[in-house]
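Take a look at the structure set out below.
The values are calculated or read from the model by the stated rules, or taken from the named source; none is laboratory data. Keep in mind that what you see is a predicted model, and the values were worked out from it rather than measured. Every residue, glycine among them, receives a Cβ derived from its backbone with ideal geometry; neighbour counts consider all protein chains shown.
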Amino acid sequence: MTALTERLAQTGLQLPELITGYQDGADLPADEGATALPLYYPGTGEQIARLQEDDASQIAGAISAATARFRAGDWSRAPVSERQQVFRSAARAIREQSEALGLAECLFAGLPSAHLATRQVPRAADNFDFFADYIGQMAGETFEQLPGYRTVVTRQAAGVAGLYAPWNAPLALSSMQIASCIAFGNSCVVKPSEYTPLSVLLMVKILESCGLPSGVINIVNGRGSETGAALAAAPGIDRIAFTGGGDTARRIMASAAQHLTPVHFELGGKSANIVFDDADLERAVDGSLVNIFSNSGQICIAGSRILVQRQVADAFTEQFIARTRNLVVGDPLNPGTEVGPMAFAAHRDRVLAHIDRAIADGAQLLCGGEATTQGGSGYFVAPTVLAVDSNDLPICQDEVFGPVVTIQTFDSDEDAWRLANASRYGLVGYCWTERLDRALAFQQRVDAGTLWINTSLARDLRAPFGGFKESGIGRDGPRQAADFFTEEKATITALEKTPLRKLGLSENS
Ligand code: NAD
């Protein structure tokens, strides 16, 4: 723990021994009778904290704190300029505290610390700045076609939202959910992943230190099957936004149906990364490595199915494997680490089981394929490349969510579109080509919510993000968030004493 103790001292991060829920601006007290889940640093497997699990009574408390704050109106009806000010100062504070937040993220999620400082923590700050700008530009609608009347359409915050975050990028993803939700005046109950509760808690405390009223954001903690399921079933939730796996989404949707609660789902992917014979091969190799090995492969937008055209397949594969073998797998606290561990031991075992099954199914192992101690004693899986000749294999259909990629050769452009779309997912797609007609055809033919042509992972926050098919329901994005997290109201006003039917004046009655 020496390196860790040193880093804690450098960043000033206080690592609590017990992490508890957070309601109405206060940590819940420790409860001897409650379940406490051990939390481990994925880089070494050492226990670093415990998480107190919340049950239905704490969930009811969190919903009631959120509801009381919503009804009080000091956030839900606050002037836009006040909400903007809180968001902007929170964005500044997140950037100022990026070392401590990045360390919290690294310790629980095992994400390489170098990526955190430059990408994920700044992204959380950007989300608050972005929504501060957006709410300053929102306008209602007015209709005046009906003579004598004016119809005005306004939006009103929906109420209390349940927000579920996954463990693979807790800060970046929960900040997007929270900013999209509370920007419009809503309150919320956040359910972080049971593996990564700390960074979200720290971010909420930063927001409150910047003026967010207590009770606007409340946190409940615990396993998905317990706390997560109880939150989805609880009354008093007006919206549910969920980022995670499809099976969990199905369960949440079934619970939400009992209350007719609208849901927004950002789910998994099995995205194609197509390399054509005319591609700039060096860029295609660079980009394909980034697309699969970022966050150690634990990203929903992973380009986990490489489809490469036959003429360049050997050259591409040779370079791709050489670079994969050369990736620096290591302790995520080490700034030179390119691929860190899996976030928890059971997930490492799941990833290894996918690889074993693929090999048993006939996939050819080109490199990796096993747990490795190259990075230390934590939950490491060697970056793995498998050659396949059928897209029907489970390894090409199921999301692995780890540093595992398949390479399949194709002949015609039609084959590429067919293979790319032969998936129950449709989150993103990647294409490497120098030909305009191919790039345009890729854009038209591939069924996915985001398409990247000759580039990797760049994202404009103004654009929608979300998936076709089993990759989700709805989209992240400013207009999309306004649609989901607000109710529209049409108000009709008579501009003059317009004629009214006179009922109840009949002499026969
Ligand atoms: P998960 O579905 O296991 O968990 C997500 C959240 O739901 C966690 O907070 C968890 O505790 C909770 N949960 C689990 N079971 C539950 C239940 N029965 N009822 C209610 N809540 C429950 O997902 P994960 O393993 O944390 O995350 C990985 C998945 O998330 C992958 O499929 C990945 O593709 C997806 N993901 C999607 C996006 C996107 O934007 N589309 C982004 C990141 C991750």
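Below, the figures for the structure above:
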read-out	value
Output for the stretch 289-340, where each listed residue is in contact (Cβ under 8 Å) with a residue 60 or more places away in the chain, of a type in the set (A, V, I, L, M, F, W, C) and surrounded by fewer than 17 Cβ atoms within 10 Å (Cβ to Cβ)	V290
Residue among F242, F265 that alone is within 7 Å of the ligand (Cβ to nearest atom), among the aromatic types (F, W, Y) and closer than 26 Å to A482 by Cα	F242
Filter pass, I94 being buried (at least 17 other Cβ atoms within 10 Å of the Cβ), closer than 22 Å to D238 by Cα, of a type in the set (V, I, T) and touching a Leu at 6+ places or on another chain (Cβ under 9 Å)	no
Residue satisfying condition, being surrounded by 11 or more Cβ atoms within 10 Å (Cβ to Cβ), among the charged types (D, E, K, R) and without any contact (Cβ under 8 Å) to a residue 24 or more places away in the chain, within set R445, R418, R438	R418
Those strands (runs of 3 or more DSSP E) lying entirely in the stretch 224-314 with at least 3 residues among the aliphatic types (A, V, I, L, M)	272-275, 305-309
Q10 being touching a helix residue (DSSP H, G or I) at 6+ places or on another chain (Cβ under 9 Å) and part of a helix (DSSP H, G or I)	yes
Close pairs (7 angstrom Cβ cut-off, 6 or more residues apart or separate chains): more than 18 Å from Y195 (Cα to Cα) in the stretch 220-242, within 8 Å of the ligand (Cβ to nearest atom) and modelled with pLDDT of 95 or more anywhere	A232/I252; A232/S255; A233/S255; I240/A232; I240/I252
Cross-chain or 6+ apart pairs with Cβ under 8 Å, the stretch 182-209 first and in the same structural domain as I94 (by TED's automatic domain parsing) and of a type in the set (F, W, Y), then within 16 Å of the ligand (Cβ to nearest atom) and not in a helix (DSSP H, G or I)	Y195/L39; Y195/W167; Y195/A343; Y195/F344
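Per-residue answers, yes or no, for (1) touching an Asp or Glu at 6+ places or on another chain (Cβ under 7 Å); (2) under 20 Å from F265 (Cβ atoms); (3) more than 11 Å from the ligand (Cβ to nearest atom):
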{"site": "Q156", "(1), (2), (3)": "yes, no, yes"}
{"site": "G162", "(1), (2), (3)": "no, yes, no"}
{"site": "A179", "(1), (2), (3)": "no, yes, yes"}
{"site": "P192", "(1), (2), (3)": "no, yes, no"}
{"site": "E208", "(1), (2), (3)": "no, no, yes"}
{"site": "L231", "(1), (2), (3)": "no, yes, no"}
{"site": "D238", "(1), (2), (3)": "no, yes, yes"}
